[in-house]
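Novice: Sharing a structure below in structure tokens format, with a few things to ask.
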Amino acid sequence: MKEAIYHNTCPRNCYGTCGILSHVKNGKLIKVTGDPEHGYSKGKLCAKGYAFTEYVYSPNRLKYPMLQSPRGSGNWKRISWDEAYTIIASKMVELNQRYGSNLASGYNKYSGNLGLLHYATEGMFNSIGPHTKPIGNPCALSGKHAMNHSFGKNFSSIPEDMAGSKLIVLWGANPAITNVHQMKFIYEARKKGAKLVVIDPVFTQTAKKADLYIQINPGTDRLLALGIAKLVINSKQHSIQFLEEQTEGWLEYKNYLEDHLTIKEVCKQTGVSLEALKELSDLYVTIKPIATWAGLGIQRNKRGSDSISAINSLAAVTGNLFIPNGGLYYMHFDVEDFPCALLNHQGPEHPSIPASREVDISDYAANAFQLSDPPLKLLWIASRNITQDQNFNAWAKLFQHLELVVTVDLYMTKTAERSDIVLPAASHFEEEDLNVGYWHYWLSINQKAIPPYYEAKSDLQIAREITIKLNELSPGFSNFPASKEPVDWIKEELTPEIRDLYSFSSYEELLQRPYQKDRTKGIPEDRNVFRMFTPDKKKMKDQTGFDKVNEFKLLTPQSLLKIHSQYASLNWLNSPQDESCIELSSQAAQVNGIKEREKIEVYNAQGKIVGVSKINPHLPNTIILAHQAGDNPINQLILQSNEQNGSTYFYDSVVYIRKAEAP
Ligand SMILES: Nc1nc2c(c(=O)[nH]1)N[C@H]1C(S)=C(S)[C@@H](COP(=O)(O)OP(=O)(O)OC[C@H]3O[C@@H](n4cnc5c(=O)[nH]c(N)nc54)[C@H](O)[C@@H]3O)O[C@H]1N2
Ligand SMILES: Nc1nc2c(c(=O)[nH]1)N[C@H]1C(S)=C(S)[C@@H](COP(=O)(O)OP(=O)(O)OC[C@H]3O[C@@H](n4cnc5c(=O)[nH]c(N)nc54)[C@H](O)[C@@H]3O)O[C@H]1N2
Ligand code: SF4
Ligand SMILES: [Mo]
């Protein structure tokens with residue numbers, strides 16, 4: 001049989017949202033290549049993308065619905081889809097009868113697959129009326145608040161334009177690991193003479209490529225940004241007309257720098273030398289256009305939102321906002337332009353409960369455990385691995401309290417292992433979808449290229465089928481439109497406004513190639529008033545205070561060959577021993593009598609994890625670096641403070657180290 005080629009899109013929570021060409025022979029995915037017509041990924045994938053043939057056919061993939069009894073015992077039994085639906089739907093109906101509403105049923109979902117049709121989970125729960133749902137975003141919320149403060153809306157410049165910048169400043173972003181395609185545009189700029197600055201506490205793979213690397217104490221970026229702005233203003237090289245005419249809060253900002261900020265304090269708190277500070281401020285005043293990237297890494301601490309606001313303001317002070325090849329990079333939320341019909345599906349009203357009960361996703365387990373009247377009793381988990389959640393230990397307590405836990409996933413994750421029922425999810429090659437990026441501005445389709453792996457089903461198909469079962473058991477229980485096909489859901493997203501924004505006229509056209517949002521129609525160049533960072537004097541006094549010997553800040557940034565917990569079991573990408581490696585500085589090793597590749601313990605009041613030491617001579621003495629996920633998840637040690645507002649401060653945790661006790 002001839003080889004057929006389909007259009008797919010990598011749906012991972014990743015900057016690329018890459019266009020894929022899937023080569024299929026006899027119903028089997030035999031190869032994936034990058035789609036050359038995707039204007040951002042330009043015919044390339046990353047290693048994880050090229051490994052999709054292993055991902056799809058891995059023997060570790062879940063094949064059938066399974067029931068574990070008792071939960072956590074490992075005693076799994078294959079069941080049919082109908083049996084699974086019957087157990088789940090009967091429980092939902094019974095809980096409804098017991099409590100008089102569906103508030104005892106809830107879900108937790110995050111970023112396994114970001115395609116728009118994956119809002120099926122939300123749609124399915126909406127269809128039963130008020131229930132319990134997660135709100136917030138554990139990844140990017142602090143920065144989102146800051147961008148909205150600065151620009152009055154979400155804002156992120158066009159990534160391809162970075163290729164024309166003369167100076168690129170990366171604050172807490174590590175694209176050589178997390179955003180490999182962006183490196184192509186950075187290299188292109190450098191070929192034309194641009195300089196690259198990297199500001200990061202860790203000497204990363206990206207930092208290795210930089211002309212200037214600034215090692216900063218974590219959580220102090222706001223001070224560095226203000227300090228540089230002060231030097232720029234002192235040298236009278238600031239963009240005065242822009243600041244006076246197009247910003248709010250300029251005088252207050254300027255007065256704060258004059259009256260309350262000393263360069264000495266900036267150097268002390270940030271750990272950055274005066275020379276480096278001067279060098280960076282010289283670059284900021286002598287070069288234009290400058291692209292500034294406020295990375296996601298800087299906003300994973302309590303001061304992250306302020307830091308991004310301060311970095312944005314530095315771009316304003318130096319006149320680099322709203323100019324070609326300058327601008328400000330973070331991420332955008334253009335998915336909000338779409339109807340998101342599944343997400344916004346309206347369910348039936350309840351006579352006395354006006355809305356669903358919301359649980360902050362940034363501390364879901366602890367918050368859900370507190371719920372009463374009624375308590376949460378059934379939890380549906382999809383596109384989420386709880387190893388990624390801070391306060392991981394709270395999950396054990398919540399699980400004890402739940403009567404039914406259902407996990408939909410492609411693999412037997414730590415979450416699935418703790419569930420009563422697992423349902424095998426289809427991979428994106430086995431379902432239709434529509435994908436919008438959050439970094440670039442391309443929209444692309446995902447075609448069904450191959451039949452499902454064994455009995456796997458898409459989240460949308462599961463929503464459709466469980467609806468039928470619910471209504472069989474209790475007529476009118478759910479109003480989910482079960483007969484609506486995936487393609488109809490996709491077409492519903494492609495409104496005349498969307499087609500105009502992305503310059504295509506029909507679904508059929510989008511099947512041919514990806515389309516980019518028209519830059520004249522709402523991408524960042526439109527000037528609106530910019531709001532300067534307004535430092536709160538009291539809050540600015542709250543410095544890191546991080547100088548206790550033998551107390552370490554735990555940083556757990558992303559890894560090249562995984563997406564959070566995903567892909568760990570793929571042999572093409574990862575070997576099992578990678579996970580337990582714990583990096584520490586030469587001094588930390590020496591003080592604690594630790595040698596290279598020794599068994600060590602990282603611990604705090606939340607617990608301890610054992611790993612193998614790796615001495616990193618470039619690491620600051622106050623930092624421990626560890627991997628996410630794995631068998632013994634590091635997130636056991638991460639417990640954030642109460643000041644959260646839906647954001648998760650993964651990098652504020654303090655840990656201690658010692659040699660592991662002999663067994
Ligand atoms: N390969 C791969 N790619 C990914 C992901 C993945 O898991 N694997 N995940 C995707 C997702 S969901 C996300 S959110 C993005 C994240 O993308 P990035 O933001 O690029 O990655 P992080 O590793 O979270 O953090 C970036 C850097 O911030 C630094 N950092 C930490 N604290 C501070 C600080 O206080 N100040 C400064 N200046 N730097 C600091 C860290 O040392 C790290 O090098 O990556 C996406 N891409
Ligand atoms: N310590 C520490 N923790 C962190 C971070 C950190 O920097 N440090 N980063 C945080 C960040 S930035 C993020 S974005 C979160 C990510 O948090 P999560 O989104 O929970 O992370 P993943 O590990 O990607 O887990 C997604 C799960 O969805 C499954 N999945 C994939 N596709 C589908 C599908 O189509 N359907 C269903 N039902 N399931 C599917 C995958 O197999 C995987 O098990 O982690 C956060 N956690
Ligand atoms: S993981 Fe990211 S870079 Fe790799 S193929 Fe998927 S979207 Fe592209
Ligand atoms: Mo993320």
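The values are calculated or read from the model by the stated rules, or taken from the named source; none is laboratory data. Bear in mind that the values here come from a model prediction, so they are computed numbers and not experimental data. We place every Cβ from the backbone using ideal geometry, glycine too, and count neighbours over all the protein chains shown. Ligands, DNA and RNA are excluded from the accessible area calculation, which covers all protein heavy atoms including side chains. Shrake-Rupley method; radii C 1.70, N 1.55, O 1.52, S 1.80 Å.
Novice: Going toward the positive end of the dipole of the stretch 71-185, with +1 on Lys and Arg Cβ and -1 on Asp and Glu Cβ, which of Gly136, Phe125, Trp81 do you reach last?
Specialist: Farthest towards the positive end: Gly136.
Novice: Compute the Kirkwood hydrodynamic radius of the stretch 46-103, taking the inverse of the mean of 1/r over all pairs of distinct Cα atoms, and give it in Å to one decimal.
Specialist: Computed over Cα pairs of the stretch 46-103, the Kirkwood hydrodynamic radius comes out at 14.5 Å.
Novice: Determine how many Å³ per residue the convex hull of the Cα atoms of the chain encloses.
Specialist: That works out to 163 Å³ per residue.
Novice: In Å and whole numbers, how far do the C-alpha atoms of the stretch 160-217 stretch along each principal axis, longest first?
Specialist: Computed over the stretch 160-217, the largest-to-smallest principal extents equal 30, 20, 15 Å.
Novice: Taking amide H positions as placed 1.01 Å from N in the peptide plane, with prolines and chain starts having none, which residues 5 or more places from Gly129, or on another chain, fall under 5 Å of its amide H?
Specialist: Amide H neighbours of Gly129, under 5 Å, 5+ apart: Gly347.
Novice: Which whole-number value in Å³ per residue fits the convex hull of the alpha carbons of the stretch 333-486? Please list the in-between numbers first.
Specialist: Numbers: hull volume 24.2 nm³, N = 154.
Cα convex hull per residue, to the nearest whole number: 157 Å³.
Novice: Could you run the Karplus curve 6.51 cos²θ - 1.76 cosθ + 1.60 with θ = phi - 60° over the stretch 341-350 and give me ³J(HN,Hα) per residue in whole Hz, x for Gly and Pro?
Specialist: So the J values, rounded to whole Hz, are 4, 6, 4, 9, 4, 8, x, x, 7, 9.
Novice: Please report, in debye to the nearest 20, how large the charge dipole of the chain is about its Cα centre when each Lys and Arg carries +1 at its beta carbon and each Asp and Glu carries -1 there.
Specialist: 1560 debye
Novice: When the Karplus curve 6.51 cos²θ - 1.76 cosθ + 1.60 is applied with θ = phi - 60°, which whole-Hz ³J(HN,Hα) does each residue of the stretch 582-587 get, with x for Gly and Pro?
Specialist: Listing the rounded values in order: 10, 9, 9, 6, 4, 5 Hz.
Novice: Also, quick follow-up: For the chain, what is the mean residue ellipticity at 222 nm derived from helices alone (per DSSP H run of n ≥ 4: -39500 (n - 2.57); sum divided by total residues; nearest 500 deg cm²/dmol)?
Specialist: So the calculated ellipticity at 222 nm is -8000 deg cm²/dmol.
Novice: In whole percent, what relative contact order does the chain give with Cα contacts below 8 Å and a gap of six or more residues?
Specialist: 20 percent
Novice: Oh, and also: For the stretch 188-243, with equal point scatterers placed on the C-alpha atoms only and solvent neglected, what are the log10 I(q)/I(0) values from the Debye formula at q = 0.17, 0.19, 0.24 1/Å, to two decimals?
Specialist: So the normalised log intensities work out to -0.75, -0.85, -0.97.
Novice: Grab the eigenvalues of the alpha-carbon gyration tensor for the stretch 224-288, scale each by 5, take roots, and send me the semi-axes largest first in whole angstrom. Please list the in-between numbers first.
Specialist: Working: eigenvalues 86, 47, 12 Å².
Over the Cα atoms of the stretch 224-288, the semi-axes work out to 21, 15, 8 Å.
Novice: Quick query: amide H of Ile20 versus all other amide H atoms, modeled in the peptide plane; which residues come in under 5 Å with a sequence gap of 5 or more or a different chain?
Specialist: When sequence neighbours closer than 5 places are left aside, the close amide H contacts are Asn8, Thr9, Cys10, Asp35.
Novice: Further, regarding this structure: Using alpha-carbon pairs under 8 Å, 6+ residues apart, how would you state the relative contact order of the stretch 141-330 in percent?
Specialist: Relative contact order of the stretch 141-330: 34 percent.
Novice: Now, a different point. Strictly greater than 23 Å: what percent of every Cα pair in the stretch 541-659 meets that?
Specialist: Value for the stretch 541-659: 31 percent of Cα pairs lie more than 23 Å apart.
Novice: Rounded to the nearest 0.05, what FRET efficiency do Leu473 and Asn60 have when you use their Cβ-Cβ distance and R0 = 35 Å?
Specialist: Efficiency computed from Cβ-Cβ geometry: 0.55.
Novice: On a straight-distance basis, which aspartates and glutamates could pair with Lys614 in a cross-link, Cα separation under 15 angstrom, same-chain partners fewer than 8 positions away excluded?
Specialist: Asp578, Glu579, Glu583, Glu596, Glu598, Glu601
Novice: Test of understanding: express the Cα radius of gyration of the stretch 128-198 as a ratio to 2.2 N^0.38 Å, with N the residue count.
Specialist: On the way: Rg = 17.0 Å, N = 71, 2.2 N^0.38 = 11.1 Å.
Rounded to two decimals, the normalised Rg is 1.53.
Novice: Just the Kirkwood number for the stretch 579-625, please: inverse of mean 1/r across all distinct Cα pairs, in Å, one decimal. Please report the intermediate quantities before stating the final value.
Specialist: On the way: mean 1/r = 0.0942 Å⁻¹.
Value: 10.6 Å, from the Cα pair sum.
Novice: Averaged per residue, what accessible surface does the chain expose to a 1.4 Å probe, in Å²?
Specialist: Here the residues of the chain average 39 Å² of exposed surface.
Novice: Okay, next question. Put +1 on the Cβ of each Lys and Arg and -1 on the Cβ of each Asp and Glu in the chain; which of Ala589, Ser22, Ala4 then has its Cα farthest toward the positive end of the dipole?
Specialist: Of the options given, the answer is Ala589.
Novice: If you keep only loop residues by DSSP, which GluC sites (Glu not before Pro) in the stretch 289-361 have at most 14 other Cβ atoms within 10 Å of their Cβ?
Specialist: Here the sparse-neighbourhood loop sites are Glu349.
Novice: Sticking with this one: Once you've got the Cα coordinates, tell me which of Lys230/Lys288; Lys457/Lys484; Lys230/Lys264; Lys414/Lys659; Lys42/Lys191 are over 22 Å apart.
Specialist: Lys414/Lys659
Novice: Now for a different question. Taking the Cα centre of the stretch 541-659 as origin, work out the dipole magnitude from +1 charges on Lys and Arg Cβ and -1 charges on Asp and Glu Cβ, in debye rounded to 20.
Specialist: 260 debye
Novice: Give a residue-ordered list of calculated ³J(HN,Hα) values for the stretch 423-428 (Karplus: 6.51 cos²θ - 1.76 cosθ + 1.60, θ = phi - 60°; whole Hz; x for Gly, Pro).
Specialist: So the J values, rounded to whole Hz, are 10, x, 8, 6, 7, 5.
Novice: On the first, second and third principal axes, largest extent first, how far apart are the outermost C-alpha atoms of the stretch 9-153 in Å?
Specialist: 55, 51, 27
Novice: So what is the orientation-averaged projected area of the stretch 141-330, using the convex hull of its C-alpha atoms, in nm²? Working shown, then result.
Specialist: Details: hull surface 38.0 nm².
Approximately 9.5 nm², given one-decimal rounding.
Novice: Mind pulling the per residue volume of the convex hull built on the Cα atoms of the stretch 384-432? Å³ is fine.
Specialist: Measuring per residue, one finds 80 Å³ for the Cα hull of the stretch 384-432.
Novice: Taking every pair of alpha-carbon atoms in the stretch 393-483, what share in percent sits in each 10 Å bin, from 0 to the bin with the longest distance?
Specialist: 14, 30, 35, 19, 2
Novice: Which one of Gly49, Pro557, Leu510 is farthest out on the positive end of the charge dipole of the chain, using unit charges on Cβ (Lys, Arg +1; Asp, Glu -1) and the Cα centre as origin?
Specialist: Pro557
Novice: Leaving out ligands, DNA and RNA, what percent of the accessible area of the chain is carbon and sulfur, probe 1.4 Å?
Specialist: Details: 12940 of 25830 Å².
Exposed carbon and sulfur together represent 50 percent of the surface.
Novice: Related question: Taking only Cα atoms, what is the 0 to 90° angle, nearest 10, from helix 304-317's long axis to the longest principal axis of the chain?
Specialist: Roughly 50 degrees, rounded to the nearest 10.
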